[in-house]
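Engineer: Pasting a structure here, questions to come.
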């Protein structure tokens, strides 16, 4: 198996896109450390994994809200594992949307603390202390980091994607390319995936889903599993030279 005996950390790896990537890489032989804000959620997630893969899945509780939590996590991982093969940053803060004129410093602080600072700090610590050389980092950004929301796809009276969330992901794009330059000499690739909207019937109205699909050239929303192969390429031995890239996987949304 391609990732046999390779240890991979996936933040937010017990649900959504991160959960799908965890399952995918387990099937390819990896030892996966998926993190979650609430360790109780990991038990539910483990029940969705085939028994043959559970012995290679080691969930960790990690809150990205405080720097010391990240530092403690690094110490724990370093004490148990000599080297990490890859880090995949899927964890995200995406709080309820607020009108532009009602924005407050607390909302800005929380989004930027998790989506920007925590991701950058964790990535730097992992690169310096756990990967060191010959590894990969993949950051999950958003197609809204390079696109202004199209108000026409949202229900009347609702607020489009938050300015704070989108701008924090734009900052993450810059961090991705900055780190790619810093770590290139160590053969550590750093890339980002700009994910399009993922279908979630619990959070999205029928109107939104219909309008979003009409607006998208491929006429559908993304599935959480649509990003697996891109991550696979970015962290695989096949990728020796691709770094600092911002890959849009959005069904062609960015083209219109």
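Engineer: Obtain the nm distance between the two label points defined at residue 155 and residue 108 by a simple spin-label model: each point lies 7 Å from its Cα along the Cα-to-C-beta direction.
Structural biologist: 3.0 nm
Engineer: Now a separate question. Residue separation times 0.36 nm, minus the C-alpha to C-alpha distance between residue 238 and residue 81: what's the value? It would help to have the intermediate numbers written out before the result.
Structural biologist: Numbers: separation 157, 0.36 × 157 = 56.52 nm, distance 2.45 nm.
Extra length available between residue 238 and residue 81 comes to 54.1 nm.
Engineer: While we're here: Rounded to the nearest Å, what's the spacing between the alpha carbon centres of segment 1-74 and segment 150-213? Just the number, please.
Structural biologist: Each part's Cα centre sits 22 Å from the other's.
Engineer: Here's something else I'd like to know. Cut-off is 10 Å between beta-carbons; in what order do 203, 94 appear when sorted fewest neighbours first? Don't skip to the answer; put the middle values down first.
Structural biologist: Details: 203 8, 94 15.
Fewest to most other Cβ atoms nearby, the residues stand as 203, 94.
Engineer: Ok, one more. Which percent, nearest 5, of DSSP beta bridges in the chain are antiparallel?
Structural biologist: Rounded to the nearest five, the antiparallel share is 0 percent.
Engineer: Round to the nearest 10 and give me the degree value, 0 to 90, for the angle of helix 163-183's Cα axis relative to the longest principal axis of the chain.
Structural biologist: Helix 163-183 sits at roughly 30 degrees to that axis.
Engineer: As I understand it, the value is the acute angle between the Cα axis of helix 206-215 and the longest principal axis of the Cα atoms of the chain; what does it come to in degrees, rounded to 10?
Structural biologist: 80 degrees
Engineer: Next question. Can you give me the angle between helix 67-80 and the longest principal axis of the chain, using Cα atoms only, in degrees from 0 to 90, rounded to the nearest 10?
Structural biologist: Its long axis makes an angle of about 40 degrees.
Engineer: Could I ask something else about it? For residue 69 and residue 211 in one chain, what is 0.36 nm times their gap in residues minus the Cα-Cα distance, to one decimal in nm? Walk me through the numbers before you get to the answer.
Structural biologist: On the way: separation 142, 0.36 × 142 = 51.12 nm, distance 4.07 nm.
Residue separation times 0.36 nm, minus the Cα-Cα distance, leaves 47.1 nm.
Engineer: Can you put 179, 132, 1 in order of Cβ neighbours within 10 angstrom, beginning with the fewest? Numbers along the way, then the final one.
Structural biologist: Details: 179 23, 132 14, 1 9.
Taking fewest neighbouring Cβ atoms as first place, the list is 1, 132, 179.
Engineer: Separate question: So what is the 222 nm mean residue ellipticity for the chain from helices alone, if each DSSP H run of at least 4 adds -39500 (n - 2.57) and you divide by all residues, rounding to the nearest 500 deg cm²/dmol?
Structural biologist: Working: 8 runs with 89 residues, N = 256.
About -10500 deg cm²/dmol.
Engineer: For segment 7-255, what relative contact order do you get, as a whole percent, if you take Cα pairs closer than 8 Å and at least 6 residues apart?
Structural biologist: Working: 427 pairs, mean separation 46.9, N = 249.
Worked out over segment 7-255, it gives 19 percent.
Where a number appears in this text, it was derived from the coordinates with a stated rule and is not lab data. Predicted model only: the values in this text are computed from it and were never measured. Cβ atoms come from the backbone with ideal geometry, glycine included; neighbour counts cover every protein chain shown.
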